[in-house]
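Below: one structure, written as structure tokens.
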Amino acid sequence: MELRDLTANDLDAVTDNRRRAFGPVPEAFQRRWVEMVTPTLDAGRYLGLFDGPRLVATSRINDFTQYWHGRPISLGGVASVTVAPEDRGRGAGRTLMLATLDRCARLGHPVSALYPATTHIYRSLGWEHAGAMHRAVLAAEALRTIRRTEDVQVSRVGPEDAERVVSVLRAVHLATRACGPVCWDAAVWRGWLGNEDDFVYLAHDGLLVYRWQGEDLEVPVLVAASEATARTLWSLVGSSASIARSVHAVVAPDDPVFWLVGDRPKDQVGQTRWMFRVVDLAAAIRARGFPPGVTLDTVVQIDDPQRPGNSGPWHLSVSGGAATAEPAGTLPLTMPVLTAGAFSALFCGVPATTLRRTGGLTGPEDGDAALDTAFQARPYMLDHF
């Protein structure tokens, strides 16, 4: 089989593979999809595996900025992974994902993430479950009780405001010390802001996107950096309670809406899990944000057969909200040993005790609490890709 970058001439075959893998694609969605993926072709972000002239498998790498404790890091968001049904079980998926991992590195992404249709193949290559996209079902009437505390100005926005939208999103993630959310670039937002079914409002430190779904409201985005803006945007959603019964909102796990509503006897929140992988260990640690005031000075051993440059003993040093990872010189007699997947999970805040009980972390346990404190996070995403 031959691996090569896809071109515009391959999009019909890609569409056919997507339909065979994921089912029918509505015409309107197909048009938007073509507009979105076309720029990735020339950028070397859409890979295809071919058996002669026939397309066997595909993967696309989105160019994202992800945030960890408010600090931005370049992330390769892997999507559109398909394998033709007649080629499944022949190793095509593994070949494709190894190439995708290498391409993430070539594109300069220290980390990668994906939403898995299956876990086994990605786990075998170093991706590991790390976070979720949380979707809450809220009573519209409960949101109507949220009161504004200040007169926050909001404005309707369209495609011409894409750069402003991206700027506000980034500022909110920085201000809230967010862990996990990603930002699309202005070009993608420009396409979304042209969707007549989406209603978008922008504040100086917040963004709301909502749409009608029958008698309910969908809120794919509502972020705010201050109490006043959070109250303003959620109350705007709640103002439709005379028509809408429920609001289906993508939220952070500790979203302020759960503390702004009145009664909260239980939460109705579903999770769509995503997996994460450290691609370039030293660059990833250098770019990641850490909790201010936390310090760490330790040596760990990493076992990463797919990325040999990550393997070996590393001296991790955390201070002042930042960190470094350097190849270790003087080694302790024994040290914690982590698989690539376990280190990727630790990077995202999965506790050491969990990793030990999965077999991904072995060796002395006396430094586990320090690792947990340094890497603490409750990561989430607001976007599915």
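The values are calculated or read from the model by the stated rules, or taken from the named source; none is laboratory data. In this text, all values refer to a predicted model and were calculated from it rather than measured experimentally. Note that each Cβ is placed from the backbone with ideal geometry, even for glycine, and that neighbours are counted across all protein chains shown. With ligands, DNA and RNA removed, areas are computed over all heavy atoms of the protein, side chains included. Shrake-Rupley method; radii C 1.70, N 1.55, O 1.52, S 1.80 Å.
The table below gives the values:
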item	result
Nearest-20 debye value, the range 229-384 charge dipole, Cβ charges on Lys, Arg, Asp, Glu	540
Extension reserve of the D42-E227 stretch, reckoned as 0.36 nm per residue once the Cα distance is removed	62.3 nm
Dipole of the range 120-273, positive direction: furthest Cα of S235, L217, M133, with charges on the beta-carbon	M133
Linear extension gain, T149 paired with S239, 0.36 nm per residue minus alpha-carbon span	30.8 nm
Sequence of W192, W259 when ordered by accessible area, the most exposed leading, probe 1.4 angstrom	W259, W192
Portion, in percent, of the accessible area of the range 193-248 that falls on carbon or sulfur, probe 1.4 Å	44
Normalised contact order of the range 200-338, rounded percent, pairs of Cα under 8 Å and 6 or more residues apart	16
C-alpha center-to-center spacing [the range 289-326, the range 44-63] in angstrom	33
Computed label-point distance, nm, for sites W212 and D5 using a 7 Å Cα→Cβ extension	4.5
Contour minus Cα-Cα distance for D16 and D254 (0.36 nm per residue)	81.7 nm
Highest average packing first - 267-275, 296-304, Cβ atoms within 10 Å	296-304, 267-275
The chain, relative contact order [Cα under 8 Å, separation at least 6], %	19
Å² of accessible area per residue within the chain, as computed with a 1.4 Å probe and no ligands counted	45
R170-D297 pseudo-label distance in nm [points 7 Å out on the Cα-to-Cβ vector]	3.5
For the range 88-220, size of Cβ-based charge dipole, Lys and Arg +1, Asp and Glu -1, in debye	780
Global form of the range 140-254, assessed from the alpha-carbon gyration tensor, a/c cut-off 1.5	oblate
The chain: calculated mean residue ellipticity at 222 nm from DSSP helix runs of at least 4, using -39500 (n - 2.57)	-9000 deg cm²/dmol
Highest-first arrangement of 119-127, 54-62, 244-252, where packing means the average Cβ count within 10 Å	54-62, 244-252, 119-127
Exposure of I285 as accessible area (Å², to 10), given a probe of 1.4 Å and all protein chains	0
Correct option for semi-axes √(5λ) of the Cα gyration tensor in Å [calculated from the coordinates] among (1) 33, 23, 20; (2) 42, 24, 19; (3) 35, 30, 18	(3)
Charge dipole magnitude, Cβ of K and R +1, D and E -1 - the range 175-278, Cα centre, debye nearest 20	300
Formal net charge of residues neighbouring W189 (Cβ-Cβ distance under 12 Å; K, R +1; D, E -1)	-3
Distance in nm between pseudo-label sites at D263 and L331 (7 Å out along the Cβ direction from Cα)	6.2
The range 52-149, relative contact order [Cα under 8 Å, separation at least 6], %	24
Carbon/sulfur fraction of accessible area - the range 1-64, other protein chains in place, 1.4 Å, %	50
